[in-house]
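**Student:** I have a structure here, written as structure tokens, and I will follow up with some questions on it.
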Amino acid sequence: MSSTHRASRPLALITGSTSGIGLGIAEALAAGGADLVINGFGAPHDIEDTRARLAAQHGVDVAYDSADMSRPDAIEAMVRGAIERCGRIDVLVNNAGIQHVAPIDEFPVDKWDAILAINLSAAFHTIRHALPAMKRQGFGRIVNVASAHALVASPYKSAYVAAKHGIAGLTKTVALEVAEQGITVNAVCPGYVLTPLVRKQIPDTARARGISEDEVVRNVLLAAQPTRQFVTVEEVAALVAFLARRDTASITGAVLPIEGGWTAH
Ligand code: NAD
């Protein structure tokens, strides 16, 4: 974070915000006037372009931290560093996530471990390091980007579904622990959003189910959603930005579907 950070602007840290939903959330929070710490992988020049564009377009400070969400030491350094530089942390969005699609008896152990680490344990670590500052402030907004797969399962996604059900439980537990301290903790549960994460799983799902890639989109992905439409990045970002507002203090411990009616089935 540059030295120009103004204490009057809230600080939002969004994990996995170099792409897809996380980048959309960063855009929405910057548009609402928050300084940002963005995080995630990518080509250094692309990340710098994104960082500089967000700052210039919205007139806020934007820092980038390359912390790997599978490494607890890097997560601690990222959160502590942000708080030390800015003196506060108002909004924490746990969004970084990966996916792997395979039958359970063929599921690579390293993929299981990575999905549990990045999609679930990373949030445990960011939250435990951010909470002391939020408690001191008497204010905090934590939003976990879960998934419709926090509420229902699909075959061949054992690690992802386990991690996302886990983050729903983590959300509720932390919400109860900090309910009297001005801190809300919620999860949003998107259906399918056409980001790189979803594009990458289409060929594997086709292989696992023995169908074409077109059939995966039509008969697996969009078939789950009564709207027959992908959820958009902008819709998810708007919900997260809403939960990050100060006037949402009574929404906490919620696990909110945004999935075109999928879990109403
Ligand atoms: P994406 O692949 O576009 O973005 C993932 C982000 O996480 C990227 O910025 C990537 O660099 C980052 N990331 C991955 N591994 C990381 C690591 N080890 N350390 C730090 N950053 C890392 O995917 P997306 O679809 O935007 O997914 C974002 C979140 O939304 C995930 O938690 C995902 O499970 C969830 N989600 C996505 C969908 C969907 O349909 N796309 C649906 C429901 C939930």
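**Student:** Ordered by residue, what ³J(HN,Hα) values in Hz, to whole numbers, does the stretch 176-188 give under the Karplus form 6.51 cos²θ - 1.76 cosθ + 1.60, where θ = phi - 60° and Gly and Pro are x?
**Tutor:** 5, 5, 10, 4, 9, 10, x, 10, 10, 9, 9, 10, 10
**Student:** Using alpha-carbon positions, what is the distance between the centroids of the stretch 177-240 and the stretch 122-153, in Å?
**Tutor:** 20 Å
**Student:** Whole number please: convex hull volume per residue, Cα atoms of the chain, in Å³.
**Tutor:** With only Cα atoms used, the chain gives 122 Å³ per residue.
**Student:** Taking H placed 1.01 Å from N in the peptide plane, check which residues at least 5 places from Val37 or on another chain put their amide H under 5 Å from its amide H.
**Tutor:** Ala12, Leu13, Ile14, Ala63
**Student:** Let me know the number of lysine pairs in the chain closer than 25 Å at the Cα, not counting same-chain pairs under 8 apart.
**Tutor:** Going through the chain pair by pair, I get 8.
**Student:** May I ask for the net charge around Tyr64, where only other residues with Cβ less than 13 Å from the Cβ of Tyr64 are counted and Lys, Arg are +1 while Asp, Glu are -1?
**Tutor:** With Lys, Arg at +1 and Asp, Glu at -1, the neighbours total -3.
**Student:** If you don't mind, another one. Please work out the FRET efficiency for the pair Ser8 and Ala43, using the Cβ-Cβ distance as r and a Förster radius of 30 Å; give the result to the nearest 0.05.
**Tutor:** 0.35
**Student:** For the peptides 104-110, 190-196, what is the packing order when you average, over each peptide's residues, the other Cβ atoms within 10 Å and list the highest mean first?
**Tutor:** Ranking the peptides 104-110, 190-196 by packing returns 190-196, 104-110.
Readers should treat all values here as calculations from the given coordinates under stated rules, not as data from a laboratory. A quick note: this is a predicted structure, and the numbers were derived from the prediction, not measured. Quick reminder, even Gly has a Cβ in these numbers, built from the backbone with ideal geometry, and neighbours come from all protein chains shown.
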